[in-house]
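Okay, so here's the structure we're looking at.
What follows is calculated from the coordinates using simple rules that are stated; it is not laboratory data. In this text, all values refer to a predicted model and were calculated from it rather than measured experimentally.
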Amino acid sequence: MDGIDSRLLLSAASFLFTAYFWFVKARKERPNLAFYQLSDYRAVCRRHPKRDDMKRLCIQQLDTGGVLLVNHSTRQNSVVLFDCYLKTDKGEIQGDWGYSGEDKPPWNVGPESTIAFSPACFFDVAEDFVVPDEPEFRIEFMTASGGRFSHRFSKQAPRIASANPATSRAA
């Protein structure tokens, strides 16, 4: 009876070990995109092309490739479209999407790799709208597989600040 119990215990341990790694593999195969803002945006208001009582707010990056897209999945993914939302005192305003230069979608990102791209957002706002010093806007990215990933951006790229003084190495 001891031989059967040890074989059963070994079989159960083997099953649990295999199941654990299958769950890890399945998790790595799911779409998992992350976005990081690398450069600042500029916000400019212009006359609205069709309406005199409105103006057009354009938020676009100063540098090309100012957003880093990281694909944590073991499968390739593509961002095909995105929606823009501007945060205001009265809620969110949905805008139109665009891009800088020739950096147009789809943005294809390989398995466990990164790419840099340059999204731009355009919003129709009232003529008396004043652009805040730090406009906050959200971009919702849509992938070819139907997944949606959202990220909040601001005018200034996040800065890494250290409160500790720099240390020097001993010679």
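A few remarks follow.
- Residues whose placed amide H lies under 5 Å from that of V67, excluding near-sequence neighbours: L38, F117
- For the stretch 129-134, Karplus couplings with θ = phi - 60° (6.51, -1.76, 1.60), whole Hz, Gly/Pro x: 5, 10, 5, x, 4, 10
- Tensor-based shape of the stretch 46-171 (alpha-carbon gyration tensor, a/c under 1.5 rounded, otherwise prolate or oblate): oblate
- Backbone HN-Hα couplings from phi across the stretch 47-61 [Karplus 6.51/-1.76/1.60, Hz, Gly and Pro as x]: 4, 6, x, 10, 10, 6, 8, 10, 9, 10, 8, 10, 10, 9, 6
- J(HN,Hα) series, the stretch 82-93, from Karplus relation 6.51 cos²θ - 1.76 cosθ + 1.60, nearest Hz, glycine and proline x: 8, 10, 10, 9, 9, 7, 10, 5, 9, x, 9, 10
- Difference of contour (0.36 nm per residue) and Cα-Cα distance, D96 to A34: 20.2 nm
- Long-range amide H partners of R75 with built H, under 5 Å: E112
- Within straight-line cross-link reach of K55, aspartates and glutamates at Cα separation under 12 Å, skipping those fewer than 8 residues along the same chain: D124, E127, D128
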